[in-house]
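A.B. asks: Below are the structure tokens for one structure; questions will follow.
Where a number appears in this text, it was derived from the coordinates with a stated rule and is not lab data. All values derive from a computational prediction rather than experimental measurement. Methodologically, a virtual Cβ is constructed for each residue, glycine included, from the backbone with ideal geometry; neighbour enumeration extends over all protein chains shown.
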Amino acid sequence: MAAGGGRPRVVVLEDAEAVARHAADGLARAIDDARTANRELHVALAGGSTPQRAYELLSEVEGSWAHVHLWLGDERCVPEDDAEANVRMVRESLLATERAQPPVLHVVPSPEVPEDAAWLYGREVLEHMPDGVFDVVLLGMGPDGHTCSLFPGHPGLRIRAAPVAPIRQSPKPPPERVTLTLPIVRRARFTQLLVSGEAKRDALAAALAGDESIPVALLGEGLDEVACDVAAAPRAGSFGARA
């Protein structure tokens, strides 16, 4: 859970590889705990290089994943086999190892039209999770502080009622996307942000200081843990709990 005063727990690790391994270990425990409890586990996945490495490491973990439902925190409106598609990255990393009992991967339908894709994906989310609560949401962050496809100053940040939003005119190509909305990310049982690299240090420091021009900061108490490497870590004293 978030540290005292609503601040997330901040875990500073040696490098991006250590951040990825930390995330993979946490997801492996969540998968194992849900299997032991005989319940489904709904996980929203992030794009980006550090999450991708976490998925590669996690793919080596053995056991049944039949109880696991994998969702995309955001997706680019491109064909599934496009190099820009997050679903392709997930298949080539997390799902690269064949399993006798694989997870359920929920792919964004009709990605050619973001409004249709967002409505259909949102309906699918609520069919499986009527309360709109993910067990785990894994997030990445750009140097501008965006997460999922929620960019600074973009109208998508203001969407409150829908679990999934269409994004047009994204400042980062491709311009058309779909994304989980801030409210559904905030409601997750555990939300973890992975950050690596010096280029993201200023944005992370601003987010942890509560600068609401940074989309990550808008998660508030809905952000439980930040796992970052030394290069991305804000200076001591500028954030909450550190491990």
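A.B. asks: Report the FRET efficiency, 1/(1 + (r/R0)^6), for Asp144 and Val61, where r is their Cβ-Cβ distance and R0 is 45 Å, rounded to 0.05.
C.D. replies: The computed FRET efficiency comes out at 0.85.
A.B. asks: Further question: For Arg29, Arg88, Arg201, what ranking results if the residue with the fewest other Cβ atoms within 10 Å of its Cβ goes first?
C.D. replies: Ranked by crowding around the Cβ, least crowded first: Arg29, Arg88, Arg201.
A.B. asks: Rounded if a/c is under 1.5, else prolate if a/b is larger than b/c, else oblate: which is the range 1-129, with a ≥ b ≥ c the root eigenvalues of its Cα gyration tensor?
C.D. replies: Verdict is rounded for the range 1-129.
A.B. asks: Can you say what percent of the DSSP beta bridges in the chain, counting only those with both residues inside, are antiparallel? Round to 5.
C.D. replies: Within the chain, antiparallel bridges account for around 25 percent of the total.
A.B. asks: Report the gain in length on full extension from Asp81 to Ala161: 0.36 nm times residue separation, minus Cα-Cα distance, nm rounded to one decimal.
C.D. replies: 25.7 nm
A.B. asks: So, one more: For the pair Arg29 and Asp202, what calculated FRET efficiency results from E = 1/(1 + (r/R0)^6), where r is the Cβ-Cβ distance and R0 = 41 Å, to the nearest 0.05?
C.D. replies: For Asp202 and Arg29, the calculated efficiency is 0.80.
A.B. asks: Determine the shape class of the range 4-229: with a ≥ b ≥ c the square roots of the Cα gyration tensor eigenvalues, call it rounded for a/c under 1.5, and otherwise prolate if a/b is greater than b/c, oblate otherwise.
C.D. replies: Verdict is rounded for the range 4-229.
A.B. asks: Given just the C-alpha atoms of the range 96-153, how large is their convex hull per residue in cubic angstrom?
C.D. replies: Each residue corresponds to 163 Å³ of Cα convex hull volume.
A.B. asks: Then there is this: Neighbour counts of other C-beta atoms within 10 Å: give me Phe134, Phe190, Phe151 arranged from fewest to most.
C.D. replies: Phe190, Phe151, Phe134
A.B. asks: Once the range 117-216 is represented by equal point scatterers at the alpha-carbon sites, with solvent omitted, what log10 I(q)/I(0) does the Debye formula produce at q = 0.13, 0.20 Å⁻¹?
C.D. replies: Listed by q, the Debye log ratios stand at -0.46, -1.05.
A.B. asks: Right, here's the next one. If we count other beta carbons within 10 Å of each Cβ, what is the order of His42, His128, fewest first?
C.D. replies: Arranged by neighbour count, lowest to highest, His42, His128 become His128, His42.
A.B. asks: Now for a different question. Of the candidates Ile159, Ile167, Ile214, which one comes out as most mobile in a Gaussian network treatment of the chain with C-alpha springs shorter than 10 Å?
C.D. replies: Ile159
A.B. asks: Compare the Cα positions of Leu94, Ala233, Leu57 along the charge dipole of the chain (+1 at Cβ of Lys, Arg; -1 at Cβ of Asp, Glu; about the Cα centre) and return the one farthest towards the positive end.
C.D. replies: About the Cα centre, the residue reaching furthest to the positive side is Ala233.
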